Each structure stands twice: as structure tokens, then as C-alpha cells.
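Enquirer: One structure is given below, represented as C-alpha cells, and several questions about it will come after.
The values are calculated or read from the model by the stated rules, or taken from the named source; none is laboratory data. Every value quoted in this text rests on a predicted model; they were computed, and no experiment measured them. Positions of Cβ are generated from backbone atoms using ideal geometry, with glycine treated the same way; all protein chains shown enter the neighbour counts. Areas reflect the complete protein model, heavy atoms only, side chains present, ligands, DNA and RNA absent. Shrake-Rupley method; radii C 1.70, N 1.55, O 1.52, S 1.80 Å.
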Amino acid sequence: MSGQRAWSFRDSMAEAIDAAGSPVELMRDLGVGEFTKLPAEYTNWIEEQRAWRESVALADQSYHMTDHYVEGPEALAFYSRFAVNSFEQFTPGTAKQLVVANPSGEFIGDAILFNLGDDEFLSVGAAAAHNWLQYNIETGDYDLTGEIQGRPVATGEDPNYFRFQLQGPDAVDVMAKAADDPIPELGFFNFDTVSVAGHDVQLLRHGMAGERGYEFWGPYEHGDDVKDAVLEAGEAYDVRRLGSESYQTANVLLGWIPLVVPAIYGDELREYREWLDVGSGLLSIGGSFESDDISDYYFTPIEVGYGHIVDFDHDFVGKEPLRADAENPAREKVTLVWNDEDVVDVFASLFIDGETHKLIDMPHPRWVACPYDEVRKAGEHVGISTDKSYIYNERALLSLAVVDTEYSDPGTEVTLVWGDPAETENPEVERHTRTEIRATVAPAPYREDKR
């Protein structure tokens, strides 16, 4: 952000907002921080994308997520209180989505929660959900403890654990070859201990981009040994390592929106913002959608696609407002398939005299943490487009969007406003003129899930 900031990263979130004037003023035009320690490409992002569809790909997730460690006899009761989903059948050796909402039923954040046994739990994901849960641990009356490890790429510290993911049609065969002993049969989102290169690792049945595979983790100091063993086992299968660019593009196929503005800026959460360190909770916003009201940037768990896991048979924060949204949802998550000719016109503007359109940085345009682009129908606002990626395997530029339900049917034609406001101060945005890009609504996930 250019100019002199009226706040510092030592402030609380509440202090920073007061100094900036509003949450939108605080978050707009900040740019985007470093995503991970890994290179953008190991070979070529097109070949890396092809690997998860045609053979096998190895991703390193060790550096870009936060970890939240929770231990104590009341941990499950705590999660049940603050998560929209149920934990009645949550047994050791299993993982599940963890989704939290504010008292108004609006989405704060999500993570993957692992039941480690002996009243010990680990959740992995973006910071928003973890910050909210840790605040409630520290200010509530629960017999448990919690600790957050920030994103290693941001803190400069080594992770506690390496975390790798192996995906693609040959992932199961490669993992079986890399393991020291036969690997167990695991149901989806179940995990167990296996040995790789003489080290115990936790192996989770998982996958990205709709393809089958595993996620596996262990002590960070064993990471290189494990990685080398998996790469050696994958040589015969043309294994590819995913750089940061290709890795981020898989989200759009899964239908998972990685970051949105957390719904934490209402008056009722002032005490939380006074507790929250701005450096731990701040996200940037950008794109063609503009509003001075931060609540216009909120979604609900239903709208971002978690309706299938919301369980109204237990009491949780935000239950009744979320029930109303579930009974009559105003918006729905979809995939938008951008019009090829209009996308080409954006690039063509670079080669002719006159104003140019905002560059579409391939394969994963990212200039803020939370991109919000306006979606229109017949000139009227009908939704917001978020994360976007070009997928070589589909020969298409896709984005995930939340649109009014009446325009959510596959095949519906809409337009997307492409370009930031002219007065943007984001140093990562070049001068450009806005344009509209046609798009066609498609399901989310975009392709059949083979996991």
C-alpha cells in the first residue's frame, strides 16, 4: 500500500481499523504476501498440471498453512459448540472439515481437523478459523489448551511437521512402492501410521483436483528423507513436483474457495478484534467489486458450499441465522467458465495502441489475498467471482463464484467485470482499463470427483 499507514502490525485488529477508518479502508489495496517458500515452478506449470491428471504429482504443503494444536477432555465439546458440523462420530484416526461461523451465521473460516487420539487434535488451514477458536479457548471456560503455529513462510520458523500430498491416477501405486511395508486400506479422510525411508509418517487418504491420492506428514527433520523416497518411487511414473503456481490452481477444480473475508467485523465481535493481532488476522481485498460496507464481502457457510455438512441437531454459534439461510438460500457457489474470445482480447490489448486491460497472470492470477470481482446479468449485480485459474487439462480459465440462486443453473450466461478501481494503490496492479468478460455458469466441483 502506498502512502503513510496510520497503523502498524503491532496494533490489534481493532486499533488498526480505528486508525484506517473502516475495515474496507484497512484491507483494500494491501497487495499479497508470499504464499510459500517453494519456487513458482519446478519444471513447467503446464506439465505440472498435466501430471495430476495423467500420472502423479507431489505437492509440498509444509509452509503456507497455520496449525492449531488443541488438547484436553473438553475438546470435542468445544468443537461442537463453535463448528457448524457434528463431531459425534469423530474417532481417532479420522479427519474432517472444520467450519466456523460468527453469531450471525456468517462464515469465518475452515480447516481440516485431525483426531490424533487421547483428547489431542490438530487442525490445518488458513488462520481465520484458528484465530477465532484460540480466542474462545483463552476467554472461555473449557478444560483444554490450544496453541497456533503461524504460517512458516511468514514467521521464518521451520514447521513442526513436513506435509506432502501425492495425487494423480498413479498416486496409490507410487505410495505403495515408497512405503517400507504394505500400506493399509484407508477410507476417505482416514489416516494411519506407515513407514517411509525408515521414518513413521501419518498417511491420510485424500486427494486434490478430483484425483485420488494421499496426504502425509511427520517431524520436519525427516521431510527430506521421506520426499526423496517418494520421488525415487515415482520416477518410473514420471512424477512431477508441483510449484506454488500449479499447486494453487487445483482449488478451482475442487470447488474450494481458499480465502474469503472472514465475518469478524461486526459490533458484537469488537472484543475479539481487540484480542486479535492485526499481523495474524489481516487479509487484503481487491478486484472490481466495491463496497464501503464490509458485510457486503461476507458469505455464509451455505453459500461457499458447506451446506451438506451443517448439522442442525446440535447447538453451535450462529445456528438459527444459518438455519434460515439453509431453508431459503439467496446465493449459491458455482464455477464460471470464462469466454475464450474475451480472455484472448485481454491479452490482445497488450499488442495494440491505447489502454490495456488488466493482465491475466497465468496460471493463477493473484494480486490480493481475497479477490472479489463483480458478476453481472443484464448489467445488474448478481454475484461475486473469487479464486480463478487457467487449467491446461480443461483448456479453460475458470473461477469460483457465489451468485444469486436464480442465476446458478449450469449454462446460464453472465458477465464478469475485470479490473480494479482506477484509484487503486495496490503496487501489484498496473494501470489498466476495465472490461467485461462473458462467462458461463457450470457446477462446482467442475469435474466428477474421483477421490
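Enquirer: Per DSSP helix of 4 or more residues, -39500 (n - 2.57); summed, then divided by the residues of the chain. What does that give at 222 nm, rounded to the nearest 500? List each step's numbers first, then the result.
Expert: Details: 14 runs with 106 residues, N = 451.
Here the helix-only value at 222 nm equals -6000 deg cm²/dmol.
Enquirer: Rank these by accessible area, largest first, 1.4 Å probe: MET65, MET362, MET13.
Expert: On the way: MET65 40, MET362 70, MET13 0 Å².
Sorted descending by solvent-accessible area, the residues read MET362, MET65, MET13.
Enquirer: When the Cα centres of the stretch 285-335 and the stretch 415-432 are compared, how far apart do they sit, in Å?
Expert: Each part's Cα centre sits 27 Å from the other's.
Enquirer: Please quote Rg/Rh for the stretch 222-368 to two decimal places, taking the Kirkwood radius as Rh and restricting both calculations to Cα atoms. The partial results should precede the final answer.
Expert: On the way: Rg = 21.2 Å, Rh = 20.1 Å.
With Rh from the inverse mean 1/r over Cα pairs, Rg/Rh is 1.05.
Enquirer: Can you figure out the FRET efficiency of GLU34 with ASN328, using R₀ = 45 Å and their beta-carbon distance, to the nearest 0.05? Walk me through the numbers on the way to the answer.
Expert: Details: r = 41 Å, r/R0 = 0.92.
In this case the efficiency is close to 0.60.
Enquirer: Hey, another quick one. Report ³J(HN,Hα) in whole Hz for each residue of the stretch 396-407, in order, from the Karplus equation J = 6.51 cos²θ - 1.76 cosθ + 1.60 where θ = phi - 60°; Gly and Pro get x.
Expert: Using θ = phi - 60°, the values come out as 8, 9, 10, 9, 9, 9, 10, 10, 4, 4, 5, 10 Hz.
Enquirer: What does the net charge come to around LEU30 if you take all other residues with beta carbon closer than 14 Å to its beta carbon, with K and R at +1 and D and E at -1? Provide the component values of the computation, followed by the final result.
Expert: Details: positive: ARG5, ARG28, ARG366; negative: GLU25, ASP29, GLU34, ASP420, GLU425, GLU428.
Charge balance in the 14 Å sphere: -3.
Enquirer: Quick one: Cα convex hull volume of the stretch 137-207, Å³ per residue?
Expert: Hull volume normalised by residue count: 161 Å³.
Enquirer: Please compute P(r) over all alpha-carbon pairs of the stretch 37-116, binned at 10 Å starting from zero, and give each bin as a whole-number percent.
Expert: 14, 34, 24, 21, 6
Enquirer: What length, rounded to one decimal in nm, is gained on full extension from ASP119 through to ASP224, with 0.36 nm per residue of separation minus their alpha-carbon distance? Intermediate results must be reported in sequence, preceding the final value.
Expert: Working: separation 105, 0.36 × 105 = 37.80 nm, distance 3.00 nm.
Extending this stretch completely gives an extra 34.8 nm.
Enquirer: What is the distance in Å between the Cα centroid of the stretch 340-379 and that of the stretch 62-90?
Expert: 39
Enquirer: Another question about this same structure. For the stretch 310-368, build the convex hull from the C-alpha positions and give me its volume per residue in Å³. All intermediate terms of the calculation are to be shown ahead of the outcome.
Expert: Numbers: hull volume 9.9 nm³, N = 59.
Cα-based convex hull of the stretch 310-368, divided per residue, equals 167 Å³.
Enquirer: Pull out the extension gain between GLU430 and LYS377, defined as 0.36 nm times the separation in residues minus the alpha carbon to alpha carbon distance; nm, one decimal. Walk me through the numbers before you get to the answer.
Expert: On the way: separation 53, 0.36 × 53 = 19.08 nm, distance 2.73 nm.
Value of the extension gain: 16.3 nm.
Enquirer: Can you give the direction-averaged projected area of the convex hull of the alpha-carbon atoms in the chain, in nm²? Please list the in-between numbers first.
Expert: Numbers: hull surface 85.3 nm².
With the hull built on Cα positions only, its mean projection is 21.3 nm².
Enquirer: Over the Cα atoms of the stretch 102-221, what is the Rg over Rh ratio if Rh follows Kirkwood? Each step should come with its number before you reach the end.
Expert: Details: Rg = 16.6 Å, Rh = 16.4 Å.
Ratio value, two decimals: 1.01.
Enquirer: Ok, one more. Which whole number in µm²/s is D for the stretch 386-451 by Stokes-Einstein, with the Kirkwood Rh taken over Cα pairs at 10 °C and 1.306 mPa s? Walk me through the numbers on the way to the answer.
Expert: Details: Rh = 14.1 Å.
Reported coefficient: 112 µm²/s.
Enquirer: Quick check on packing: order 87-93, 53-59 by the mean number of other C-beta atoms within 10 Å, highest mean leading.
Expert: On the way: 87-93: 12.9, 53-59: 22.9.
Averaged packing, sorted descending, gives the order 53-59, 87-93.
Enquirer: Taking a cut-off of 21 Å between Cα atoms, list the lysines near LYS388, but don't count ones fewer than 8 places away on the same chain.
Expert: Within the straight-line limit of under 21 Å, LYS388 reaches these lysines: LYS333, LYS358, LYS377.
Enquirer: Debye calculation, C-alpha points only, no solvent: report log10 I(q)/I(0) for the stretch 157-295 at q = 0.19, 0.20 Å⁻¹, in the same order as the q values.
Expert: Each listed q maps to, in turn, -1.10, -1.18.
Enquirer: Still on this structure, please answer the following. What ratio of Cα Rg to 2.2 N^0.38 Å holds for the stretch 173-243?
Expert: Working: Rg = 11.6 Å, N = 71, 2.2 N^0.38 = 11.1 Å.
That works out to 1.05 for the stretch 173-243.
Enquirer: So, one more: Using a 10 Å cut-off on Cβ atoms, rank the peptides 153-163, 421-431 from the highest mean neighbour count down. List each step's numbers first, then the result.
Expert: Values: 153-163: 16.7, 421-431: 14.0.
Packing proxy ranking, top to bottom: 153-163, 421-431.
Enquirer: Then there's this: If I take R0 = 22 Å and measure r between the Cβ atoms of GLU71 and ASP158 in this structure, what FRET efficiency does the formula 1/(1 + (r/R0)^6) give, to the nearest 0.05? Intermediate results must be reported in sequence, preceding the final value.
Expert: Working: r = 22 Å, r/R0 = 0.99.
About 0.50, to the nearest 0.05.
Enquirer: Which whole-Hz ³J(HN,Hα) couplings does the stretch 301-314 yield from phi under the Karplus relation 6.51 cos²θ - 1.76 cosθ + 1.60, θ = phi - 60°, glycine and proline marked x?
Expert: Each residue of the stretch 301-314 in turn: x, 5, 5, 8, x, 9, x, 6, 10, 5, 10, 8, 8, 9 Hz.
Enquirer: Taking 22 Å as R0, compute the FRET efficiency from the Cβ-Cβ separation of PHE9 and GLU268 and round it to 0.05. Intermediate results must be reported in sequence, preceding the final value.
Expert: Numbers: r = 25 Å, r/R0 = 1.14.
Plugging the Cβ-Cβ distance into 1/(1 + (r/R0)^6) gives 0.30.
Enquirer: Turning to a different aspect of this structure: Order of 41-49, 248-256 by packing, highest average Cβ count within 10 Å first?
Expert: 248-256, 41-49
Enquirer: Here is a follow-up. Report the percentage of all Cα-Cα pairs in the stretch 38-196 whose separation exceeds 25 Å, rounded to a whole percent. Write out the running numbers ahead of the final one.
Expert: Values: 5183 of 12561 pairs.
Roughly 41 percent, rounded to a whole number.
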